[in-house]
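The values are calculated or read from the model by the stated rules, or taken from the named source; none is laboratory data. Bear in mind that the values here come from a model prediction, so they are computed numbers and not experimental data. Glycine gets a Cβ as well: all are built from the backbone with ideal geometry, and neighbour counts include every protein chain shown. Note: accessible area is taken over every heavy atom of the protein model, side chains too, but ligands, DNA and RNA are not part of it. Shrake-Rupley method; radii C 1.70, N 1.55, O 1.52, S 1.80 Å.
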Amino acid sequence: MTVPRTTVTLTVDEETVTDRISDRTLLVHYLREVRGRTGVKAGCDSATCGACTVLLDGTAVKSCTVLAVQADGHAVTTVAGLAAPGELHPVAVQFRRHHAAQCGFCTPGFLLAAVGLLARTRDLTGADVRRELAGNLCRCTGYQGIVEAVLAAAAEREPR
Ligand code: FES
Ligand code: FES
């Protein structure tokens with residue numbers, strides 16, 4: 001059976017792109033294989049690990065749970081688009097400062113989940129961060145450094 005293909009136009013890391021893709025292609029695979037965003041990690045492909053997390057119109061989503069055609073007309077941000085080349089996003093600075101990353105497979109997803117969380121939440125506690133990032137798994141560091149990094153990034157941002 002032939003899988004239908006659709007032409008989509010979306011923004012990936014602030015670049016507007018148009019591609020003709022299979023209606024079955026998951027956003028994670030589109031970003032990696034068509035758009036070269038290999039910082040988006042394909043871990044479990046089943047909504048469990050969070051390694052594939054990206055921002056869709058500013059909201060953190062697991063890109064293995066989204067069809068690429070569903071991103072048509074929307075803005076996707078991957079870890080590659082968080083900061084200018086050679087620079088670190090403020091959350092990434094805190095990850096480095098708090099030793100929150102080791103192997104890096106999970107780190108892009110954690111960064112995007114944290115950025116999404118910080119964009120929509122004020123007055124975060126450690127419990128909030130643990131609850132909100134529970135969908136992102138890391139088998140290397142434990143989670144304490146990650147929680148400390150997100151809280152430090154929250155404390156550092158400008159008051160509203
Ligand atoms: S690859 Fe998407 S949650 Fe694991
Ligand atoms: S640093 Fe997260 S899985 Fe290794």
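When you scan the range 115-124, do you find a residue that is among the hydroxyl-bearing types (Ser, Thr, Tyr) and within 16 Å of ligand 2 (Cβ to nearest atom), even just one? No: the range 115-124 contains no residue that is among the hydroxyl-bearing types (Ser, Thr, Tyr) and within 16 Å of ligand 2 (Cβ to nearest atom). Which residues, counting only those in the range 113-136, are open to solvent by less than 20 Å² (accessible area, probe 1.4 Å) and touching a strand residue (DSSP E or B) at 6+ places or on another chain (Cβ under 8 Å)? Answer for the range 113-136, where residues must be open to solvent by less than 20 Å² (accessible area, probe 1.4 Å) and touching a strand residue (DSSP E or B) at 6+ places or on another chain (Cβ under 8 Å): 113, 116, 117, 136. Out of 26, 10, which single residue is more than 12 Å from the chain's Cα centre (by Cα), within 13 Å of ligand 1 (Cβ to nearest atom) and either more than 18 Å from residue 105 (Cα to Cα) or among the hydrophobic types (A, V, I, L, M, F, W, C) (or both)? That would be 26, the only listed residue that is more than 12 Å from the chain's Cα centre (by Cα), within 13 Å of ligand 1 (Cβ to nearest atom) and either more than 18 Å from residue 105 (Cα to Cα) or among the hydrophobic types (A, V, I, L, M, F, W, C) (or both). Checking each residue in the range 103-112 for being open to solvent by less than 10 Å² (accessible area, probe 1.4 Å) and within 13 Å of ligand 2 (Cβ to nearest atom) picks out 109, 110.
The residues on offer are 84, 100, and the sole one that is surrounded by 17 or more Cβ atoms within 10 Å (Cβ to Cβ), more than 16 Å from ligand 1 (Cβ to nearest atom) and assigned to a loop (DSSP other than H, G, I, E, B) is 100.
If you go through the range 17-68 and keep only what is over 24 Å from residue 132 (Cα atoms), of a type in the set (Val, Ile, Thr), open to solvent by 40 Å² or more (accessible area, probe 1.4 Å) and not in a strand (DSSP E or B), you end up with 34, 38.
Restricting attention to the range 71-80, does a residue exist that is within 14 Å of ligand 2 (Cβ to nearest atom), free of Cβ contacts under 8 Å to residues at least 24 places away in the same chain and not aromatic (Phe, Trp, Tyr)?
Looking through the range 71-80, none of the residues is within 14 Å of ligand 2 (Cβ to nearest atom), free of Cβ contacts under 8 Å to residues at least 24 places away in the same chain and not aromatic (Phe, Trp, Tyr).
Looking only at residues of the range 58-70 that are without any contact (Cβ under 8 Å) to a residue 40 or more places away in the chain and farther than 19 Å from residue 19 by Cα, we find that the one that is farthest from ligand 1 (Cβ to nearest atom) is 61.
Could you check the range 1-16 and list, in sequence order, the residues that are aliphatic (A, V, I, L, M) and assigned to a loop (DSSP other than H, G, I, E, B)? Talk me through it step by step, then tell me what you get.
At the first step, the residues of the range 1-16 found to be aliphatic (A, V, I, L, M) are 1, 3, 8, 10, 12.
If the condition is that a residue be aliphatic (A, V, I, L, M) and assigned to a loop (DSSP other than H, G, I, E, B), then 1, 3 are the ones that fit.
Just one of (1) farther than 20 Å from residue 62 by Cβ; (2) within 16 Å of ligand 1 (Cβ to nearest atom) fails for residue 132. It is (1). If you filter the range 137-160 down to residues that are in contact (Cβ under 8 Å) with a residue 60 or more places away in the chain and part of a loop (DSSP other than H, G, I, E, B), you find that the one that is surrounded by the fewest Cβ atoms within 10 Å (Cβ to Cβ) is 157.
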